[in-house]
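Novice: What follows is a structure written as structure tokens; I'll ask about it next.
The values are calculated or read from the model by the stated rules, or taken from the named source; none is laboratory data. Quick caveat: nothing in here was measured; it's all calculated off a predicted structure. When we count neighbours, we look across all protein chains shown, and the Cβ atoms used for this are built from the backbone with ideal geometry, even at glycine. Just so you know, the surface numbers come from the protein's heavy atoms only, side chains and all, with ligands and any DNA or RNA stripped out. Shrake-Rupley method; radii C 1.70, N 1.55, O 1.52, S 1.80 Å.
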Amino acid sequence: MIPFGIQVTGYQGLMKALKGLVKTVPFPKPTLFSGPGSSLELCEAIAQMGMHRILIVTDAMLVEIGLLKDIEKALTKHGVRYAIFDGVQPDPTIEQIESGLKAYHRERCQAILAVGGGSSIDAAKVIAARVTNDKPVSRMEGFFRIFSAIAPLYAVPTTAGTGSEVTIAAVVSDPKNKKKMSVIDPKLMPHLAALDGALMTGLPAPITAATGMDALTHAIEAYISTNALPETDSYAMAATRLIFENLPRAVHKGSDLEARQRMAMASHYAALAFTRAGVGYVHAISHQFGARYHTPHGLGNAIVLPYVLEYSKRSCSRRLAQLGDAAGLRQKGDRAPKLADRFIERIREMNDEFGIPDTLEALAAEDIPEIAEAALKEAHYTYAVPRYMDQRTCEKLVRKMVA
């Protein structure tokens, strides 16, 4: 067996190579419409691009509450016929992807419009990839496994969390093997996207809180990543500032359109940061909670975040302090370690304020070894974390979250 210290060196060497890659590989960005009503502008743009029949990929709840009505009217007004696939559920599965693909072909569509949270947009990305790539989803897992350009894809997020409208990744669940697969390729980037805060004003407070903390996790993990770049630092810093200023407002007063729009932009910035810099152990552990217990991704991240930051801070206290400064937490005479501690404590306070627990009720002690093993397998050779951990350390950290 290779000593753990040597393994760490291997991880760090690979992460340096990955940093060189993300510096040189061009990352596309969607043409962006932003502001209340921007989703309707996007519908007009779809028509201008000559799309006459599209598949709307969404979830049944959004259809039921009528959130798509204005979008449907706008598409019809501009002569775009549409079919709706509303079979996406949280943590979309391979089966859901294949069902969406069948709907696309059955309805003879030319393009896909994703409307919803990260699950809907991720599902739409992989459906679009399956349209033009004759290979199963399992063979798309990993980096750069999509060989042909995807079907035209447009995105309208209805939550301010994942920022999936501007990332090159999609996460698909494999229930049979109790795991989540990450499909990562620049070809997954949507062509157009709209950040329409008006679509988010009716979002319930618990979902607003969890998705907002998801965006904060993206910003933080990107900023403390050893693969961070000046560009990603700027996005992460801006996202952190916007979230601390606007998330409490959006949670406590959902109709606050200004806070909603700023949270949509914060989520977008955070996604731009982590698309290049990557994420870390928070996501690696949270993904296991989602795969095993169907824990909503944002909620899982919110629970795990303080624990991982507490473990990591000795290797990144200066970076955490800089985020604390952006969050408006600096007090006179603060040194980096103290401000880093205050930043982590404020995250705990926000979780408590929003009703997010510090433990996971579904977490079973007997599952912890497998959860830790899977989390480390995901993180190592994938995420440029500031401080690595081994199996025993990861188990000890996860055990703190047992209710």
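Novice: Return yes when residue 67 is within 28 Å of residue 267 (Cα to Cα), in contact with a Cys (Cβ under 6 Å, 6 or more places away or on another chain) and modelled with pLDDT of 95 or more and no when it is not.
Specialist: no
Novice: Let me ask something additional. Which one of these is more than 18 Å from the chain's Cα centre (by Cα) and buried (at least 24 other Cβ atoms within 10 Å of the Cβ): 324, 298?
Specialist: Details: 298 fails: more than 18 Å from the chain's Cα centre (by Cα).
One residue alone meets the criteria, 324.
Novice: Just wondering, is there one or more residues in segment 381-388 that are surrounded by fewer than 20 Cβ atoms within 10 Å (Cβ to Cβ) and outside any loop (DSSP other than H, G, I, E, B)?
Specialist: No, there is no match, as no residue in segment 381-388 is surrounded by fewer than 20 Cβ atoms within 10 Å (Cβ to Cβ) and outside any loop (DSSP other than H, G, I, E, B).
Novice: Considering only segment 306-352, how many residues are among the basic types (Lys, Arg) and not in a helix (DSSP H, G or I)? Walk me through how you get there before you give the answer.
Specialist: Taking segment 306-352 as the starting set, the residues that turn out to be among the basic types (Lys, Arg) are 313-314, 318-319, 330, 332, 335, 338, 342, 346, 348.
Checking which are not in a helix (DSSP H, G or I) leaves us with 330, 332, 335.
Looking only at that region, the number is 3.
Novice: Using beta carbons and a limit of 8 Å, which pairs, at least six apart or on different chains, have the first residue in segment 294-305 and assigned to a helix (DSSP H, G or I) and the second one among the charged types (D, E, K, R)?
Specialist: Final answer for the pair search is 297/91; 297/214; 298/214; 301/214; 302/214; 303/358.
Novice: Now a separate question. Counting only residues that are under 13 Å from the mean Cα position of the chain (by Cα) and either among the acidic types (Asp, Glu) or open to solvent by 10 Å² or more (accessible area, probe 1.4 Å) (or both), how many does segment 191-223 have?
Specialist: Number satisfying all stated conditions: 4.
Novice: Name the residue, out of 96, 110, that is polar (S, T, N, Q) and under 20 Å from the mean Cα position of the chain (by Cα).
Specialist: Result: 96 is the single residue among 96, 110 that is polar (S, T, N, Q) and under 20 Å from the mean Cα position of the chain (by Cα).
Novice: Look through segment 158-179, keep the residues that are more than 22 Å from residue 132 (Cα to Cα) and surrounded by 21 or more Cβ atoms within 10 Å (Cβ to Cβ), and return whichever of them is nearest to the chain's Cα centre (by Cα). Even if it seems obvious, please write down each step before you answer.
Specialist: Keep residues of segment 158-179 that are more than 22 Å from residue 132 (Cα to Cα), which gives 158-163, 175-179.
Narrowing further to those that are surrounded by 21 or more Cβ atoms within 10 Å (Cβ to Cβ): 158-163.
Numbers: 158: 13, 159: 11, 160: 10, 161: 6, 162: 3, 163: 6 Å.
The selected residue is 162.
Novice: I'm told residue 316 meets every condition in (1) open to solvent by 60 Å² or more (accessible area, probe 1.4 Å); (2) within 25 Å of residue 226 (Cα to Cα) except one. Can you identify the failing condition by its number?
Specialist: (1)
Novice: What single numbered condition from (1) within 27 Å of the chain's Cα centre (by Cα); (2) open to solvent by 20 Å² or more (accessible area, probe 1.4 Å) fails to hold for residue 83?
Specialist: Residue 83 satisfies every listed condition except (2).
Novice: Now for a different question. Among the residues of segment 353-380, how many are at pLDDT 95 or above and part of a loop (DSSP other than H, G, I, E, B)?
Specialist: Residues that pass the stated criteria total 10.
Novice: Looking at (1) over 21 Å from residue 343 (Cβ atoms); (2) within 15 Å of the chain's Cα centre (by Cα); (3) open to solvent by 20 Å² or more (accessible area, probe 1.4 Å), which is the only condition residue 252 fails?
Specialist: (2)
Novice: Would you pick out the residues in segment 102-152 that are open to solvent by 70 Å² or more (accessible area, probe 1.4 Å), more than 28 Å from residue 299 (Cβ to Cβ) and not in a loop (DSSP other than H, G, I, E, B)?
Specialist: Matches in segment 102-152: 102, 105, 106, 139.
Novice: I need the helices (runs of 4 or more DSSP H) fully contained in segment 31-78, keeping only those with at least 3 residues that are touching a residue at least 40 places away in the same chain (Cβ under 8 Å) and closer than 22 Å to residue 125 by Cβ.
Specialist: 38-48
Novice: Are any of the residues in segment 258-267 in contact with a strand residue (DSSP E or B) (Cβ under 6 Å, 6 or more places away or on another chain), at pLDDT 95 or above and open to solvent by less than 20 Å² (accessible area, probe 1.4 Å)?
Specialist: yes
Novice: In segment 350-369, which residue that is free of Cβ contacts under 8 Å to residues at least 40 places away in the same chain and closer than 24 Å to residue 387 by Cβ is least open to solvent (accessible area, probe 1.4 Å)?
Specialist: That would be 368.
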